[in-house]
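The values are calculated or read from the model by the stated rules, or taken from the named source; none is laboratory data. Computed from a prediction, not measured in an experiment: that's the story for all the values here. Cβ sites come from the backbone with ideal geometry, for glycine too, and all protein chains shown count toward neighbours. Side chains are part of the model used for accessible areas, which takes the heavy atoms of the whole protein and leaves out ligands, DNA and RNA. Shrake-Rupley method; radii C 1.70, N 1.55, O 1.52, S 1.80 Å.
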Amino acid sequence: MAPRAWAQSYTISAEQMQGAVAEKFPRRYALGGLMNLDVQAPRLRLLPQQNRLNADMDVTASGPLLQRRYAGAFDVDFALRYEPSDRTIRAHQLHVNALRLEGLQPQAADMLDIYGPQLAQQTLSEVVLHQLRPQDLAVPDGLGMQPSSITVTDRGLVVRFAPKAAP
């Protein structure tokens with residue numbers, strides 16, 4: 001039997017990413033000692049036309065500024081980058097689409113508008129969506145190749161390899 005040819009790309013399914021990110025949630029954030037936000041695991045959606053991912057998360061707010069608990073949603077888009085130090089695919093270049101809490105008073109809603117981008121950074125910035133194993137990189141590394149680009153497709157991510165830069 002002939003050896004299997006090496007493909008110059010590596011595919012990561014949407015299910016693999018969903019599982020990896022779900023392990024990091026739920027998370028709780030305190031906003032200025034006035035409000036706590038509990039963020040549940042994001043539901044990831046592939047956005048191939050923008051080469052980005054979308055994360056939609058259920059959020060619950062409570063705390064001294066609020067009279068009761070409020071439920072809502074947090075919607076963020078982000079790009080991806082490869083981190084060679086630990087062989088991970090990470091979220092970066094976050095864009096907050098919306099942070100909505102049903103029935104929230106104007107004063108608390110204004111506070112969320114201020115803290116929304118910061119919350120997105122704390123929640124998803126640099127969150128690991130996938131970690132390549134040493135055996136995933138053994139053949140490309142031996143051929144002098146390294147991950148060079150990440151493309152979002154309808155089925156997941158495609159990591160392409162290119163020659164390593166000369167030291």
At least 24 Å along the helix axis (C-alpha) and Kyte average at least -0.5, DSSP helices within the chain:
106-124
Zone of D113's modelled label, taken as backbone nitrogen in segment 24-48 under 20 Å from a point 7 Å along Cα→Cβ:
31-32, 34-37
Of L31, A73, S9, which is farthest on the positive side of the dipole of segment 1-124, counting Cα position, with +1 on Lys and Arg Cβ, -1 on Asp and Glu Cβ, and the Cα centre as origin?
S9
Quick check: at a probe of 1.4 Å, how many percent of the accessible area of segment 33-167 sits on carbon and sulfur atoms?
49
Whole-percent tail of the Cα-Cα distance distribution for segment 75-167, cut at 24 Å, equals 39
Rg followed by Dmax, in Å, when the chain is reduced to its Cα trace:
19.2, 70
Along segment 74-90, Karplus-curve 3J(HN,Hα) (6.51, -1.76, 1.60; θ = phi - 60°) to the nearest Hz, with x for Gly and Pro, reads 10, 10, 9, 10, 7, 8, 10, 9, 9, 10, x, 4, 10, 6, 10, 9, 10
